[in-house]
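Asker: Pasting a structure here, questions to come.
Read-outs: derived from the displayed coordinates by stated rules, not from any lab. Note that the coordinates shown come from a computational prediction; the quantities given were computed from them, not determined experimentally. Using ideal geometry, Cβ is built from the backbone for each residue, glycine included, and neighbour counts are taken over all protein chains shown.
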Amino acid sequence: MSRYVMLDGPDGCGKSSQARALCEWLDGQGARVLHVREPGSTPVGEALRQLLLAKTTGALLPLTEALLFSAARAQTVLAVVAPALQRGEVVVAERGYLSTLVYQALAFEPGLDFDWVLDLQRRVHGPTLPDVIFVLDVPPAVAAQRRRWRTDDRIEARGADYHDRVRAGFLRAAASEPRAVLIDAARPFAQVQDDLRRRISEALP
């Protein structure tokens with residue numbers, strides 16, 4: 001049976017590493033697994049990823065960002081995720097619609113109207129919605145420490161106040177989203193991964 005699993009959270013929460021480890025574990029359990037990232041996983045999505053994250057792009061309006069992220073997401077969901085689910089595969093996605101709700105509606109000052117962004121994401125996804133969204137929660141100071149070895153992208157380079165609002169936004173979004181499961185991702189990697197495996201076994205028998 002197909003399943004659609006999403007990992008989301010602030011920059012530096014460990015989404016990519018945890019998603020890769022989760023995919024390896026699911027593969028070992030006999031599942032056919034597809035790992036996707038947002039934005040990305042299609043030619044259009046990867047091109048938009050470069051545009052959205054490159055510092056040379058400069059400042060963008062929150063509306064512009066929301067529309068570009070949503071365009072990339074629509075391409076990934078319709079062209080990649082939905083067909084994989086129809087084939088009976090398990091899809092593990094890095095990021096999803098909660099990110100757009102948080103980064104462009106809740107963290108910007110002033111941000112976009114939350115309900116408008118939510119409606120846009122519903123139109124993007126249509127009937128192809130995740131079964132579960134694991135929100136990896138880390139304090140901004142921990143996230144910044146984890147990112148210290150890499151060069152921040154255009155969004156990561158925003159100030160500490162912005163990232164404080166991002167963390168608060170994910171907590172608010174997770175509380176209002178019935179598909180969301182909040183995970184304490186400040187713990188050691190292996191503990192977080194074990195928690196994800198246990199919870200995914202409960203959520204996706």
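Asker: Spelling out what I want: for every residue of the range 66-71, take phi, set θ = phi - 60°, compute 6.51 cos²θ - 1.76 cosθ + 1.60 (Karplus), and round to whole Hz; glycine and proline get x.
Answerer: 4, 5, 5, 4, 5, 5
Asker: Something else: State, as an integer percentage, the relative contact order of the chain based on alpha-carbon contacts under 8 Å between residues 6 or more apart.
Answerer: Contact order relative to length: 32 percent.
Asker: Still on this structure, please answer the following. Using each residue's phi in the range 84-92, evaluate 6.51 cos²θ - 1.76 cosθ + 1.60 at θ = phi - 60° and report the 3J(HN,Hα) Karplus result to the nearest Hz, with x for Gly and Pro.
Answerer: 5, 5, 5, 7, x, 8, 8, 9, 10
Asker: Counting only C-alpha contacts under 8 Å and six or more residues apart, can you give the relative contact order of the range 89-205 as a whole percent?
Answerer: Averaging sequence separation for qualifying contacts and normalising by length gives 34 percent for the range 89-205.
Asker: Follow-up. Helix-only estimate, please: 222 nm mean residue ellipticity of the chain, summing -39500 (n - 2.57) across DSSP H runs of length 4 or more and dividing by its residues, to the nearest 500.
Answerer: -15000 deg cm²/dmol
Asker: Continuing with this model, one more query. Between GLN191 and LEU78, how many nm apart are label points set 7 Å from Cα along the C-beta direction?
Answerer: Each label point is offset 7 Å from its Cα along the Cβ direction, giving 4.4 nm.
Asker: Sticking with this one: So, counting K/R as plus one and D/E as minus one, what does the shell of residues with Cβ under 9 Å around THR76 add up to?
Answerer: With Lys, Arg at +1 and Asp, Glu at -1, the neighbours total +1.
Asker: Same structure again: Considering all projection directions equally, how large on average is the shadow of the alpha-carbon convex hull of the range 67-130, in square nanometres?
Answerer: 4.2 nm²
Asker: Right, here's the next one. Tell me the trypsin sites (Lys or Arg not before Pro) within the range 73-162 that lie in a loop according to DSSP and have at most 11 other beta-carbon atoms within 10 Å.
Answerer: ARG87, ARG148, ARG150
Asker: Around LEU182, which amide H atoms from residues at least 5 apart in sequence, or from another chain, sit under 5 Å from its own amide H, with H modelled in the peptide plane?
Answerer: Correct list: VAL135.
Asker: Taking the dipole about the Cα centre of the range 83-205, with the C-beta of Lys and Arg at +1 and of Asp and Glu at -1, give me whichever of PRO178, PHE108, ALA144 is farthest to the positive side.
Answerer: Among PRO178, PHE108, ALA144, the one farthest towards the positive end of the dipole of the range 83-205 is ALA144.
Asker: Let's see if you can work this out: charge +1 on each Lys and Arg Cβ, -1 on each Asp and Glu Cβ, no other charges. What is the dipole magnitude of the chain about its Cα centre, in debye to the nearest 20?
Answerer: Taking the Cα centre of the chain as origin, the dipole is about 360 debye.
Asker: Taking the alpha carbon gyration tensor of the range 3-203, what are the square roots of 5 times its eigenvalues, largest first, to the nearest whole Å?
Answerer: Here the semi-axes work out to 24, 20, 16 Å.
Asker: What is the extension gain from ARG172 to GLN29, computed as 0.36 nm multiplied by their sequence separation minus the C-alpha to C-alpha distance, in nm to one decimal?
Answerer: Length difference between fully extended and current span is 48.1 nm.
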